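**Student:** Structure in structure tokens, see below.
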Amino acid sequence: MASPVCRSCFLWIPVCVGLATPTAPLFAQRANLPTNFEAQPLDPDKPMADIPDFGVAWPDLDDEIESINVEPDDSADSTPLPDQRDETVESSVETEADIFEEQLIADVFQPEDSLAETGYKIEFDGIPSDIGQGFYDRFDILSALEQYKGDDANFAQIKRRADTDRELVERLLRIEGYYDAVVRIRFSAQADTTDPNDVTAIINTIAGPQYKIGDVSLPGIEKARPEDAESLRTAFDVNIGDVINSDQIVLGRAQLNTAMAENGYAFARTEDPELIVDHAERNGNLTQPVVPGGRYDFGSIQLASEDLFNAKHIQKIARFEEGDLFKASDVDDLRRALIATGLVSTVTLDPVRSEDPEKVDLAINLTPAPLRTIAGEVGYGTGEGLRTEVSWEHRNFFPPEGLIRLSAVAGTQEQSGGVTYRRNNFKRRDNILNGRVALSNVDRSAFAARTFSVSANIERQSNLIYQKRWSWSTGIELLASDERDVVGLTGRTNRQTFFIGALPATVLYDASDDLLDPKKGFRIGARISPEVSLQDGSFFYGRGQIDASAYIPVSDNMTLAGRARLGSIVGAGNNRIAPSRRLYAGGGGSVRGYGFQRIGPRDASNDPIGGRSLVEFSLEARVKTGFLGGNLGLVPFIDAGNVYTDPLPQFSGLRYGAGLGFRYYSDFGPIRIDLGTPINRQSGDSRIAVYVSLGQAF
């Protein structure tokens with residue numbers, strides 16, 4: 001006798017449908033009614049019409065019922081109905097299900113008042129231990145009991161929800177390969193409540209055996225290149241003997257599509273898989289149709305419009321050259337890079353057939369984003385005072401990607417204005433050319449300076465789309481600065497003009513997991529700036545600084561973060577170096593609790609004079625709370641540091657600051673508010689310092 005089978009199609013939740021079977025003959029007689037008729041009154045005395053003869057004699061109820069023996073007909077179709085099983089297929093599952101049905105009949109729960117509002121909770125019993133979390137996640141999303149749990153309901157309504165969930169659990173178990181699962185739901189009184197109407201819905205399951213893959217075929221895979229066919233079969237990763245798991249089959253299909261798209265098959269696709277389940281053998285034969293198409297290399301870039309930039313510039317951004325093997329990941333990377341320019345709001349990239357039969361062109365259609373932006377920011381820091389900045393920019397003033405920004409700062413201690421030129425993807429991808437002309441007036445307790453500067457540099461930076469391990473910059477800086485300085489420790493001041501040329505360079509290795517809010521990894525960077533000063537003759541000196549930070553996850557909601565900084569200036573005495581070029585410590589990005597640049601040697605007026613070396617340390621715990629939807633964080637911290645007039649730090653007389661920070665984790669990064677206090681404060685130091693900014697302190 002043929003084995004009962006069913007076919008499964010793979011949607012989000014696969015549905016198993018039995019084979020169609022012959023149906024019993026259906027006899028019907030159509031009444032011949034006139035198309036136009038009038039309703040006639042009923043006559044109760046009129047005799048009833050004869051009942052049509054069906055061709056079968058009416059039984060004589062007085063005769064004794066005789067037993068009828070039906071002999072098997074060899075000519076009849078022996079295909080069993082979908083729910084028929086061979087005796088050899090009878091399993092303990094059916095026996096256990098029968099026993100369970102008897103228990104349900106014997107143990108029927110009914111609350112005291114079936115119409116009263118009834119609360120309930122849900123429990124599972126008998127779910128296999130190897131069921132993954134995906135089973136419970138799907139149940140939570142699709143369950144009627146879960147969906148309406150907080151709504152008013154009586155016991156009858158809860159039972160209807162449970163009936164729906166019984167079928168849901170059976171479908172979810174079939175996803176895991178349990179095709180013989182028996183699911184029943186019973187109710188019991190809650191033991192942990194005083195309300196007699198509160199119940200527990202217990203979802204009892206007899207899972208039965210997991211069905212296995214009996215055969216796997218990939219028709220069409222032979223049309224791929226012979227050397228690729230085997231690797232594509234391996235990528236599918238569903239094999240004979242594996243448990244039938246719908247998620248694994250869907251994943252295998254995705255892996256197969258990815259493998260083809262990454263090996264030159266630009267137009268490859270897969271059809272819906274088909275699974276034929278054999279309940280007698282408890283296995284299933286899987287068929288995954290494949291249409292690989294041809295294998296291609298990259299051709300040219302076809303750009304629909306060149307309003308923003310031309311095809312040559314896009315080719316510069318792409319990580320592939322014409323003639324390279326087609327890879328879908330390279331296309332996705334180019335899509336992200338085009339969005340990252342800030343000039344594009346939407347972009348489509350479609351492979352199209354080229355004139356060269358071995359290549360595929362890339363058709364790109366761009367929708368420009370708004371190119372002009374007016375921005376403003378307001379900040380406050382103890383020792384820095386209030387600072388407001390406004391800016392206007394055009395991100396494609398000099399195509400391609402040539403930005404112009406006009407900015408101005410108005411604050412209690414700083415007033416400045418400048419023009420910035422920036423060209424992204426200069427010469428090659430992710431290279432940035434910067435130029436800036438600025439005029440500033442700074443009046444702080446450490447120094448006062450009126451400065452005109454011209455600077456330019458080329459850099460390679462990380463961004464939120466592509467966080468690089470290595471980033472660097474190198475450039476040139478020329479400035480003329482009229483500055484107020486203190487003569488020795490006397491407190492007497494005078495003004496001097498400094499003409500300075502510098503060749504600053506930086507390098508950073510970033511092994512952290514996030515630019516704005518790292519939770520693990522580390523960063524280490526260095527800055528060096530050889531400088532020449534024209535002031536009472538010319539002299540040379542060098543400025544250097546090393547920064548390192550580390551991030552250690554303690555739990556899902558807590559990260560320990562630490563930072564260290566060492567700086568030094570060699571080649572000139574402290575008083576010969578322009579005050580604006582000396583080293584300072586204190587403030588929101590340094591030792592919190594102290595005013596901006598307030599740590600270090602001071603003059604007779606108790607104002608900082610800066611130094612030639614510094615050391616700083618910070619340690620903080622970043623703790624996410626459950627407040628504000630889990631977006632509020634608390635950050636206790638302790639910082640230490642000092643500045644010295646010697647070229648090498650002494651690690652003595654450290655100033656300590658401690659406090660508590662608050663973080664609001666927005667979509668664009670954490671907003672930081674830190675409250676700090678100096679532990680061993682000096683005369684003139686405030687007891688409380690406040691810092692507000694975007695991003696973590698380090």
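The values are calculated or read from the model by the stated rules, or taken from the named source; none is laboratory data. What you see is a predicted model, and the numbers here were worked out from it, not measured in a lab. Reconstructed Cβ throughout: ideal geometry from the backbone, glycine too, with neighbour counts over all protein chains shown. With ligands, DNA and RNA removed, areas are computed over all heavy atoms of the protein, side chains included. Shrake-Rupley method; radii C 1.70, N 1.55, O 1.52, S 1.80 Å.
**Student:** Would you check if there is a residue in segment 200-217 being farther than 30 Å from residue 125 by Cβ, in contact with a helix residue (DSSP H, G or I) (Cβ under 6 Å, 6 or more places away or on another chain) and not in a strand (DSSP E or B)?
**Tutor:** From segment 200-217, those farther than 30 Å from residue 125 by Cβ are 214-217; that's our starting set.
If we keep only those that are in contact with a helix residue (DSSP H, G or I) (Cβ under 6 Å, 6 or more places away or on another chain) too, we end up with none.
Among the residues of segment 200-217, not one is farther than 30 Å from residue 125 by Cβ, in contact with a helix residue (DSSP H, G or I) (Cβ under 6 Å, 6 or more places away or on another chain) and not in a strand (DSSP E or B), which makes the answer no.
**Student:** Could you check how many residues of segment 262-306 are in contact with a helix residue (DSSP H, G or I) (Cβ under 6 Å, 6 or more places away or on another chain), among the small types (Gly, Ala, Ser) and surrounded by 21 or more Cβ atoms within 10 Å (Cβ to Cβ)?
**Tutor:** Total meeting the criteria: 1.
**Student:** Working carefully through the options 231, 188, find the one that is in a strand (DSSP E or B) and surrounded by fewer than 18 Cβ atoms within 10 Å (Cβ to Cβ).
**Tutor:** 188
**Student:** State yes or no: is residue 128 open to solvent by 50 Å² or more (accessible area, probe 1.4 Å), in contact (Cβ under 8 Å) with a residue 40 or more places away in the chain and part of a loop (DSSP other than H, G, I, E, B)? Spell out how you get there, then give the answer.
**Tutor:** Values: open to solvent by 50 Å² or more (accessible area, probe 1.4 Å): no; in contact (Cβ under 8 Å) with a residue 40 or more places away in the chain: yes; part of a loop (DSSP other than H, G, I, E, B): yes.
Taking the combined requirement at face value, the residue does not satisfy it.
**Student:** Looking for something of a type in the set (Phe, Trp, Tyr) and not in a strand (DSSP E or B) - is there at least one such residue anywhere in segment 434-453?
**Tutor:** Yes, the conditions are met somewhere in segment 434-453.
**Student:** Out of the residues in segment 407-439 that are at positive phi and buried (at least 16 other Cβ atoms within 10 Å of the Cβ), state the one that is nearest to the chain's Cα centre (by Cα).
**Tutor:** Looking only at segment 407-439, we keep the residues that are at positive phi, and these are 425, 427, 430.
Going one step further and asking which of them are buried (at least 16 other Cβ atoms within 10 Å of the Cβ), we end up with 425, 430.
On the way: 425: 26, 430: 23 Å.
That would be 430.
**Student:** Would you say residue 638 is free of Cβ contacts under 8 Å to residues at least 24 places away in the same chain, surrounded by 16 or more Cβ atoms within 10 Å (Cβ to Cβ) and assigned to a strand (DSSP E or B)?
**Tutor:** yes
**Student:** With the structure loaded, tell me whether residue 207 is touching a Pro at 6+ places or on another chain (Cβ under 6 Å), closer than 30 Å to residue 169 by Cβ and at pLDDT 90 or above or whether it fails that test.
**Tutor:** Yes, satisfied.
**Student:** Now for a separate question. Restricting the search to segment 561-576, which residues are in contact (Cβ under 8 Å) with a residue 60 or more places away in the chain and loosely packed, with under 14 Cβ neighbours inside 10 Å?
**Tutor:** Listed by number, the residues that qualify are 570, 575.
**Student:** What residue, among those in segment 325-344 that are free of Cβ contacts under 8 Å to residues at least 60 places away in the same chain and in contact with a helix residue (DSSP H, G or I) (Cβ under 8 Å, 6 or more places away or on another chain), is surrounded by the most Cβ atoms within 10 Å (Cβ to Cβ)?
**Tutor:** Selected residue: 334.
**Student:** Give segment 152-172 a look and list any residue that's in a loop (DSSP other than H, G, I, E, B) and open to solvent by 80 Å² or more (accessible area, probe 1.4 Å), or say none.
**Tutor:** Scanning segment 152-172 gives a single hit, 152.
**Student:** List the residue pairs whose Cβ atoms are under 7 Å apart, where the first residue sits in segment 667-689 and is closer than 12 Å to residue 591 by Cβ, the second is basic (Lys, Arg) and crowded, with 18+ Cβ neighbours inside 10 Å, and the two are 6 or more positions apart or on different chains.
**Tutor:** Matching pairs, first to second residue: 674/592; 676/592; 678/655; 680/655; 685/598; 689/592.
**Student:** In addition: Could you pull out every one of the strands (runs of 3 or more DSSP E) wholly within segment 348-406 that has 1 or more residues that are among the aliphatic types (A, V, I, L, M) and open to solvent by less than 30 Å² (accessible area, probe 1.4 Å)?
**Tutor:** Filter on segment 348-406 gives 359-368.
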